[in-house]
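Colleague: If you scroll down you'll find the structure; I have some questions about it.
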């Protein structure tokens, strides 16, 4: 897990066909979201402005990637009833969708028969994986890049299995 590994932005820039992201946690303790999450918990208000300083870099990256013809999809496996964090994430996903991401949600009980990797991941062009490692409280503790073809196939198969069972964002109702 060296700092010389490519960033998500660099991996997206190299991507030519597809970038998929599988999220499997019910809570993420992402440092740069902490204030917005706390405000949302207290007031119900959140940053859903694609041009805001927190969102603009991501919106620009995804928009540019999609403009090159790359498909960007995100699937989330969630426990129901959902956690407060997932409610927050669902509310803010409108920005991901506006940027051009296709997002789906899979209730965890519908994932029981799926073979899933042990960690969240990004998979670029079905060959390069960026594993995401999180602590028990959801804080990012690291990542690792892999081009192992067996792991890439596991991730691709897992993502497609989740995707085929998942509910599109616009149709998913929070429970």
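The values are calculated or read from the model by the stated rules, or taken from the named source; none is laboratory data. The structure displayed is predicted, hence computed values, not measured ones. Backbone-built Cβ (ideal geometry, glycine too); neighbour counts: all protein chains shown.
Colleague: Among the residues of the stretch 8-20, which ones are touching a helix residue (DSSP H, G or I) at 6+ places or on another chain (Cβ under 9 Å) and either without any contact (Cβ under 8 Å) to a residue 24 or more places away in the chain or part of a helix (DSSP H, G or I) (or both)?
Modeller: Correct list: 8, 9, 12, 13.
Colleague: Please indicate, with yes or no, whether at least one residue in the stretch 21-43 is in contact with a helix residue (DSSP H, G or I) (Cβ under 7 Å, 6 or more places away or on another chain), surrounded by fewer than 14 Cβ atoms within 10 Å (Cβ to Cβ) and either part of a helix (DSSP H, G or I) or touching a residue at least 12 places away in the same chain (Cβ under 8 Å) (or both).
Modeller: For the stretch 21-43, residues in contact with a helix residue (DSSP H, G or I) (Cβ under 7 Å, 6 or more places away or on another chain), surrounded by fewer than 14 Cβ atoms within 10 Å (Cβ to Cβ) and either part of a helix (DSSP H, G or I) or touching a residue at least 12 places away in the same chain (Cβ under 8 Å) (or both): present.
Colleague: A further question on this structure: So, in the stretch 158-175, of the ones that are more than 16 Å from residue 111 (Cα to Cα) and in contact with a helix residue (DSSP H, G or I) (Cβ under 9 Å, 6 or more places away or on another chain), which residue ends up surrounded by the most Cβ atoms within 10 Å (Cβ to Cβ)?
Modeller: 169
Colleague: Okay, moving on. Have a look at 114, 106 and point out the one that is part of a strand (DSSP E or B) and either at positive phi or modelled with pLDDT of 95 or more (or both).
Modeller: After applying the criteria, what remains is 106.
Colleague: Which one is farthest from the chain's Cα centre (by Cα) among residues in the stretch 63-81 that are surrounded by 20 or more Cβ atoms within 10 Å (Cβ to Cβ) and closer than 19 Å to residue 48 by Cβ?
Modeller: Out of the qualifying residues, it is 72.
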